[in-house]
Amino acid sequence: MTRLVALIGKPLKRRHSQVMHDAAFDARGIDARYVLREIESDEVEGVVASARGDGWLGLGVTAPYKRVVAELVDEVEPDAQTIGAVNNVVRTDDGRLIGINTDAPGFRAGVELAMGRPLAGVDVVVAGAGGAAHAVVYACLTAGAARVTVGSRTPDAAAALLARFAEVGEARRTATGLDDAFVAASRSADVAVNATTVGMIDPGMTIPVDDLPAHATVFDLVYVPAVTPLLAAARARGLRAANGSEMLIQQAAIAFERWTGVGGMADVMRTAVAPLLADATVRA
Ligand code: NAP
């Protein structure tokens, strides 16, 4: 029996995850497929229930269902509970469904690779306060960042994000708008993260690149297009800069290991998805 993982969301415009997971299944001779299921909100409950069956390894979950799925599974791991989002579901051998979040560890692996050092002790500025920013900030706090500044064009959202994580980590933390206070914090940042859709949907950039220290790393969660205006500006200044592709690959490899017990598949996934990541015609 070919077992399944279904990615649920709406819209589903990208095949990156499918290409990575199917390549990893094939490389290990695992009889399983990763399928895309663009579904309406009233179908989510039924699809989640069906994933308790023998033919399933689990689910991938993307917008706008990362919150609602947490209400439909049998258990949500503490990290995913605190972040408030489930981006993958693991089916246990006895048919229980566990909601997990692999964006946070995927971000940590990706940004540490980009920085060339651990997150522990660093000064981070994060633009955005949406779903991805929650995973980013949680990863920074749990990894021991020294200072975290969250800037959002909706300042209340930045404040709510930090309030949610009030008990997590020891970092000094500040919520701001994308304003002068954010620029001031950027002047001492070791790493600046764009966790908004700017650069993918809206033009422009959220990080004041010219105000960053010369040693800073810029990490843009956006990976389509591969080079955003933010990354271009950071590289023009000679800063270390990376897009979100490594986060995408690392979070997928973590999910794959949870579904199959097989770790170490990031290299296979990176090779498989490289043509899609390089294809400038792939749009959001
Ligand atoms: P989301 O929940 O919809 O949040 C979007 C965020 O972007 C909000 O904070 C929003 O602010 C902000 N924003 C949107 N337009 C803006 C603008 N013109 N100026 C300033 N801020 C703006 O989306 P998400 O799920 O967090 O995703 C954010 C980005 O991360 C997306 O590009 C997504 O593709 C990427 N992502 C990448 C990975 C990866 O593995 N690389 C994983 C997850 C997400 P308001 O609240 O003010 O609207």
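The values are calculated or read from the model by the stated rules, or taken from the named source; none is laboratory data. Everything numeric in this text was worked out from a predicted model, so none of it was measured. Every residue, glycine as well, gets a Cβ built from its backbone with ideal geometry; the counts of neighbours run over all protein chains shown. Heads up: the accessible areas ignore ligands, DNA and RNA and are worked out on the full protein's heavy atoms, side chains in. Shrake-Rupley method; radii C 1.70, N 1.55, O 1.52, S 1.80 Å.
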- Message: Using 0.36 nm times the number of residues separating V262 and D180, minus their current alpha carbon distance, what extension gain do you get?
- Response: 24.8 nm
- Within the accessible area of the chain (1.4 Å probe), percent carbon and sulfur: 50 percent
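Can you order the peptides 141-147, 166-172 by their average number of other Cβ atoms within 10 Å per residue, highest first?
Working: 141-147: 19.1, 166-172: 13.0.
Taking the mean over residues of other Cβ atoms within 10 Å, the ranking is 141-147, 166-172.
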- Efficiency by 1/(1 + (r/R0)^6): what FRET value for V47 and T197, r their Cβ-Cβ distance, R0 = 25 Å, to the nearest 0.05? 0.45
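Can you work out the accessible area per residue across segment 33-102, with the rest of the protein chains kept in place, probe 1.4 Å, in square angstrom? All intermediate terms of the calculation are to be shown ahead of the outcome.
Working: 3180 Å² over 70 residues.
Roughly 45 Å² per residue, with all protein chains present.
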- Item | Spin-label model distance (nm) - R172 vs V227, 7 Å beyond Cα toward Cβ | 3.7 nm
- Put a dot 7 Å past each Cα toward the Cβ at Q81 and R164; how far apart are the dots in nm? 1.6 nm
- Once all Cα-Cα distances of segment 167-279 are split into 10 Å bins that start at 0, what whole-number percent is in each one? 13, 36, 32, 17, 2
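Want the number for A214 to R187: 0.36 nm per residue separation, take away the alpha-carbon distance, what's left? Please report the intermediate quantities before stating the final value.
Working: separation 27, 0.36 × 27 = 9.72 nm, distance 0.97 nm.
Computed gain between A214 and R187 is 8.7 nm.
Listed highest first by mean packing, meaning other Cβ atoms within 10 Å per residue, what order do 100-111, 184-195 come in?
Working: 100-111: 25.3, 184-195: 22.5.
Result, highest mean first: 100-111, 184-195.
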- Note on the structure: Given 267-275, 54-62, the highest-first ranking by average Cβ count within 10 Å works out to 54-62, 267-275
- Note on the structure: So R240 and R28, fully extended at 0.36 nm per residue minus their Cα-Cα distance, gain in nm 72.9 nm
- Give the accessible area for E112 in Å² (nearest 10); use a 1.4 Å probe, count only protein heavy atoms, and leave out ligands, DNA and RNA. 50 Å²
